[in-house]
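The values are calculated or read from the model by the stated rules, or taken from the named source; none is laboratory data. These numbers were taken from a predicted model, which means no experiment stands behind them. Reconstructed Cβ throughout: ideal geometry from the backbone, glycine too, with neighbour counts over all protein chains shown. These area figures cover heavy atoms from the full protein model, side chains too; ligands, DNA and RNA do not enter into them. Shrake-Rupley method; radii C 1.70, N 1.55, O 1.52, S 1.80 Å.
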2 protein chains.
Amino acid sequence: MKNITIGEAARKSGVKVPTIRYYEGIGLLREPSRSEGNQRSYEPADLNRLTFIRHARELGFEVEAIRTLLSLQDNPLQPCATADAIAKARLIEVEQRIRSLMALKAELEMMVEGCGHGRVDQCRVIEVLADHAQCTHHGH
Amino acid sequence: MKNITIGEAARKSGVKVPTIRYYEGIGLLREPSRSEGNQRSYEPADLNRLTFIRHARELGFEVEAIRTLLSLQDNPLQPCATADAIAKARLIEVEQRIRSLMALKAELEMMVEGCGHGRVDQCRVIEVLADHAQCTHHGH
DNA sequence: TCTTGCACCTCTAGCCACTAGAGGATGTAG
DNA sequence: CTACATCCTCTAGTGGCTAGAGGTGCAAGA
């Protein structure tokens, strides 16, 4: 067997050791077999699953979404509409977040550029925060 | 006096009632005076402070940063370098976040476009997640 | 064989910024 | 005087981990 320890699994997957145990605890990862000394022993399939999870987390999918995606991966003959819907929903979220952050960026730039490095009572940063009416972005 | 209840303060500031109490608990907002029946009674200055906080939170400043910004606002004769630094740091964070989200967006678009709405075993969404090597964005 | 020292184990508690809910008091309109 | 919204305090929960205490397992060097 080429089973590996949790530390090795962490190194190879890029998921930290306590996080792996956490994923096991919430049922994202199956309980691995144990060595005689009660230490977790992972198979290559577990490593793939961990890498899948890490990648999905990096893409910002929530754990519940990942749970669904993993169960789809386990049943490859099902239609992929659900996976598609999850990815599309995430895409829309990301697009909205980008738009919102662009507005924040514009407002922050205005604050920072307007700051003459004088005293607080003339500071554009504080001023804009105190008086919302001054900000160009009225969406919020 | 034109003091107002917590509910009115919530309506006027856009900060929810429990959140106002939370801000008081962590010391962002001073403890207001109380009515005979022990109910909080806010002055206009408190409302300004609440609005300041809300606006800063919307811009993504952390509570600790807001604490500093508020103390600067309370001491208007100080130099505003600290306020400027906080805003600049937040701007850099926002810019990084935008860049990262753009990369995610590209990857998600690739996944979604590649999905032929067939079965999971041919699904690009699952495939890309399972095999990180397939993704164009190798930064993560 | 012994010891050193790292990696592993379980368990609990903490992080951030709230949010929810229980269980009770107050304030106001009809 | 009653109904009902709003207020009060307190505790616990959210998500996705992370940190630390206190103990065990294991491989390599003396």
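At a glance:
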item: Estimated distance in nm for a label pair at B:LYS2 and B:ARG21, the labels positioned 7 Å out from Cα along Cα-to-Cβ; result: 2.8 nm
item: With every protein chain in place, the protein assembly as shown: carbon and sulfur % of accessible area (1.4 Å); result: 50 percent
item: For A:GLY7, net neighbour charge (Lys/Arg +1, Asp/Glu -1) across residues whose Cβ lies under 13 Å away; result: +4
item: Around B:PRO44: net Lys/Arg minus Asp/Glu count, Cβ-Cβ under 13 Å; result: 0
item: Candidates A:ILE126, A:ILE53, A:ILE66, ranked by Gaussian network fluctuation over chain A, Cα under 10 Å, top entry; result: A:ILE126
item: Buried solvent-accessible surface, both chains (B, A), 1.4 Å probe, Å² to nearest 100; result: 4700 Å²
item: Where the stretch B:1-78 is the region considered: accessible area per residue in Å², 1.4 Å probe; result: 57 Å²
item: Nearest beta-carbon to the A/B symmetry axis - residue in chain A, distance in Å; result: A:ILE98, 3
item: Rounded FRET efficiency, nearest 0.05, which uses the C-beta distance separating B:GLU62 from A:HIS117 and R0 of 22 Å; result: 0.40
item: Shortest-first nm distances, A:SER35 label point to equivalent points in other copies (7 Å, Cα→Cβ); result: 6.7
item: J(HN,Hα) series, the stretch B:25-33, from Karplus relation 6.51 cos²θ - 1.76 cosθ + 1.60, nearest Hz, glycine and proline x; result: x, 8, x, 7, 10, 5, 6, x, 5
item: Cα-based reach from B:LYS2 at 27 Å (exclusive), listing lysines while leaving out same-chain residues under 8 positions away; result: B:LYS12, B:LYS16
item: The stretch A:90-114 versus the stretch B:79-97: alpha-carbon centroid distance in Å; result: 14 Å
item: Alpha-carbon centroid distance for the pair the stretch B:57-72 / the stretch A:1-19, whole angstrom; result: 39 Å
item: Whether the stretch B:1-131 is rounded, prolate or oblate, judged on the alpha carbon gyration tensor where a/c under 1.5 counts as rounded; result: oblate
item: Straight-distance crosslink candidates among lysines, where the alpha carbon sits under 21 Å from A:LYS105 and sequence neighbours closer than 8 are dropped; result: B:LYS88, B:LYS105
item: Karplus (6.51, -1.76, 1.60) ³J(HN,Hα), θ = phi - 60°, over the stretch A:64-69, in Hz, Gly and Pro reported as x; result: 5, 5, 5, 4, 5, 4
